[in-house]
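The block underneath contains the structure these notes are about, expressed in structure tokens.
The values are calculated or read from the model by the stated rules, or taken from the named source; none is laboratory data. Fair warning: this is a prediction, and the values are worked out from it, not measured in the lab. Glycine gets a Cβ as well: all are built from the backbone with ideal geometry, and neighbour counts include every protein chain shown. Side chains are part of the model used for accessible areas, which takes the heavy atoms of the whole protein and leaves out ligands, DNA and RNA. Shrake-Rupley method; radii C 1.70, N 1.55, O 1.52, S 1.80 Å.
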Amino acid sequence: MEKKALTINGIPRVIIADPDASLADVLRRQLGLTGTKVGCGTAQCGACSVIMDGKVVRSCVTKMKKVEEGAQITTIEGIGSPENLHPIQVAWMVHGGAQCGFCSPGFIVSAKGLLDQNVNPTREDVRDWFQKHRNACRCTGYKPLVDAVMDAARVLRGEISKEDLAYKLPADGRIWGGVHPRPSAVAKVTGTCDYGADLGLKLPPNALQLALVQAKVSHANILSIDASEAEKMPGVYKVVTHKDVKGKNRITGLITFPTNKGDGWDRPILCDTKVFQFGDAIAIVCADTIENARAAAD
């Protein structure tokens, strides 16, 4: 373990962490700053973006041993709060940038890094920046995100105020067909919206942690499932397989159009006789820690 003095969102902190732990893990698990999301875990989606010493970095692959003593780190929580939104966050809401919202904190942090360096970017500058920093969005098609950055830049340049930018209810009260921000937008742009992994960090102390055993081939017949070695691994409580599913081990509704030759109950909850695609769930390891669960799943 290493001890380091850092400044996180303007607050001095003394961190004791494994040198090989990721900065994202320390922020999320030790400090409770779950606005920093982890999507891919391989620095390809940008959901984990933070600003460290003036540079946008992907914290999921930034090891603590690479974080310099005295480093200044800004996460989404340090950019704005629900009570005091940053212009980028306001613009994100107005332009509908927060749809599923999972990538929004990383995009907003990345955009802050850009506007700190260049308060008068072109649309091409914004797109190039997001490409360079691997910010990926599955919902918007990116145009609303570029629109949001351009409008936020206008506020920062003093051309309009944050109040001018903010959504205003039309005089006729019309919402349908307009650009009214979705009710969840504030939580999504400030990182206070909790997704599955965030809620997992807020479970009671003795809650079991789960890891999926997923298929590493695209198609296979399952002849048997032997969990005996995994069950002997440290901290493992149980390995759940299709035999543990109560009732019918099937999901319906995935393929229900007329040309479907099956009865609509083709796909298993946990694979029992076949692997249909790479990543299919075969078993669930339940253990005392996520590290032990993942080790046993492997």
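Quick look at the numbers
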item	result
Answer residue from region 158-169, given it is open to solvent by 50 Å² or more (accessible area, probe 1.4 Å), of a type outside the set (D, E, K, R) and over 30 Å from the mean Cα position of the chain (by Cα) and is farthest from GLY97 (Cα to Cα) among those	GLY158
Matching residues, region 178-193, being of a type in the set (S, T, N, Q) and surrounded by fewer than 16 Cβ atoms within 10 Å (Cβ to Cβ)	SER184
Pairs, first free of Cβ contacts under 8 Å to residues at least 24 places away in the same chain in region 145-168, second open to solvent by less than 40 Å² (accessible area, probe 1.4 Å) and assigned to a loop (DSSP other than H, G, I, E, B), C-beta under 9 Å, six or more apart	ARG154/ILE160
Residues that are outside any strand (DSSP E or B), of a type in the set (Lys, Arg) and surrounded by fewer than 21 Cβ atoms within 10 Å (Cβ to Cβ), drawn from region 1-31	ARG29
Any hit, region 93-116, residues being without any contact (Cβ under 8 Å) to a residue 60 or more places away in the chain and over 22 Å from THR36 (Cα atoms)	no
Residue, nearest to the chain's Cα centre (by Cα), within region 207-221, restricted to residues that are part of a loop (DSSP other than H, G, I, E, B) and loosely packed, with under 15 Cβ neighbours inside 10 Å	ALA207
Residues of region 217-252 satisfying the condition of being of a type in the set (Ser, Thr, Tyr) and either in contact with a helix residue (DSSP H, G or I) (Cβ under 6 Å, 6 or more places away or on another chain) or over 28 Å from ASP288 (Cβ atoms) (or both)	SER218, THR252
Output for region 171-199, where each listed residue is farther than 16 Å from ASN84 by Cα and not in a loop (DSSP other than H, G, I, E, B)	GLY196, ALA197, ASP198, LEU199
Those residues of region 55-96 which are in contact with a Pro (Cβ under 7 Å, 6 or more places away or on another chain) and open to solvent by less than 20 Å² (accessible area, probe 1.4 Å), in sequence order	MET64, ILE76
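Yes or no, residue by residue, for (1) within 14 Å of the chain's Cα centre (by Cα); (2) in contact (Cβ under 8 Å) with a residue 24 or more places away in the chain:
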residue: MET1; (1), (2): no, no
residue: VAL26; (1), (2): no, yes
residue: THR34; (1), (2): yes, yes
residue: LYS65; (1), (2): no, yes
